[in-house]
Amino acid sequence: MIPLLERLHVGPAQVMLDVCTGAGGLLFNLLNQIGRQVDVISLDMSLTIQRHNRRYLLEQHCDRKVSFVAADAADMPFHDGALHHVVSYGMGNMLNKMAHGVSEVARVLTSEGTFTFTHMYVDEGSEGWRVMSSLLRRAGVKEDVRYLGMAPSFAAPMACTGFRSYDIRVTNEVMGEPERDVEAGPLFPYPGERLTEIVVKAVK
């Protein structure tokens, strides 16, 4: 998360959206870093998790204002060009909707707006990729799930999404513990396999 935070340069009187907020790890670290003049919006598909995040905000950051929205990141309820910055930690949660989500972010950003996000991937063709792909197929996901096995360049999903430039940095690589019990569940990385984390900063 720190490499993502280090790449953010947010001015006063700007609007920032944290998309796919989840449990709020990035959101609440952001509040410690950016000024109070920045309008912050949190978006997650789960109304339950957003209620939890709002309760935590009132308990731990009662002096900060955040707007919580429960909506699909691939179909966001914002006007074109409404936001200055969008951030996301672990955007791979979207998986089969990721290309739509990135395009949607480009739509809601202002000209010169930035999208900074992390993505974690395993090598396509690895056992971890095969297992997770199989789980998604059984869950009814029929779209392309190769976001689990992205090439480090990350060029394909960024090429046609409305951004004029993007910078990609590998920030972490973790090897799976060789003694881990794979029967415990589909946790990544698999024994002896690599999980790579990248940070992407795209400019519209």
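The values are calculated or read from the model by the stated rules, or taken from the named source; none is laboratory data. All values derive from a computational prediction rather than experimental measurement. Ideal geometry is used to build each Cβ from the backbone, glycine not excepted, and the neighbour counts take in all protein chains shown. The protein model used for the area step is the full one, side chains on, heavy atoms only, and it has no ligands, DNA or RNA in it. Shrake-Rupley method; radii C 1.70, N 1.55, O 1.52, S 1.80 Å.
Between Gly113 and Lys204, the built amide H atoms are under 5 Å apart, and every one of these is 5 or more places off in sequence or on another chain. Under the simplified labelling scheme, the Asp75-Arg55 pair shows an inter-label distance of 2.9 nm, with each label point 7 Å from Cα along Cα→Cβ. Computed with every protein chain present, the accessible area of His119 is close to 0 Å² [probe 1.4 Å]. Contact order for the chain, expressed relative to its length and based on alpha carbon pairs under 8 Å spaced 6+ residues apart, stands at 20 percent. Between amide H atoms placed 1.01 Å from N, distances below 5 Å from Gly81 occur with Val108, Leu109, all of them 5 or more places distant or on a separate chain. Rounded to whole Å, the principal axis extents of the Cα atoms in region 6-109 read 35, 30, 25, largest first.
Projecting label points 7 angstrom from Cα along Cα→Cβ for Thr171 and Ile2 puts them 1.1 nm apart. With N set to the residue count of region 60-133, report its C-alpha Rg divided by 2.2 N^0.38 Å to two decimal places. Output field value: 1.35. Computed from label points 7 Å out along Cα-Cβ, the spacing between Arg138 and Glu124 is 2.4 nm.
Solvent-accessible area per residue in region 1-146 equals 49 Å², computed with a 1.4 angstrom probe and all protein chains kept. Output the 0 to 90 degree angle, nearest 10, between the alpha-carbon long axis of helix 127-138 and the longest principal axis computed from the alpha carbons of the chain. Helix 127-138 and the main axis of the chain meet at about 70 degrees.
Ligands, DNA and RNA left out, the accessible area of region 25-140 computed with a 1.4 Å probe is 49% carbon and sulfur.
Give, as a single signed number, the net charge of other residues whose beta carbon lies under 9 Å from the beta carbon of Ser126, with Lys and Arg counted +1 and Asp and Glu -1. Let's see the in-between values first.
Working: positive: Arg130, Arg194; negative: Asp123, Glu124, Glu127, Glu193.
Spelling it out: positives minus negatives among the neighbours equals -2.
Based on the alpha carbons, how large is the Rg to Rh ratio for region 19-66 when Rh follows Kirkwood? Here Rg/Rh amounts to 0.92.
Local charge for Lys65 was computed over the other residues whose Cβ lies under 12 Å away, with Lys and Arg +1 and Asp and Glu -1, and equals +1.
Value of Rg to Rh for the chain, rounded to two decimals, is 0.97; Kirkwood radius and Rg both from alpha-carbon coordinates.
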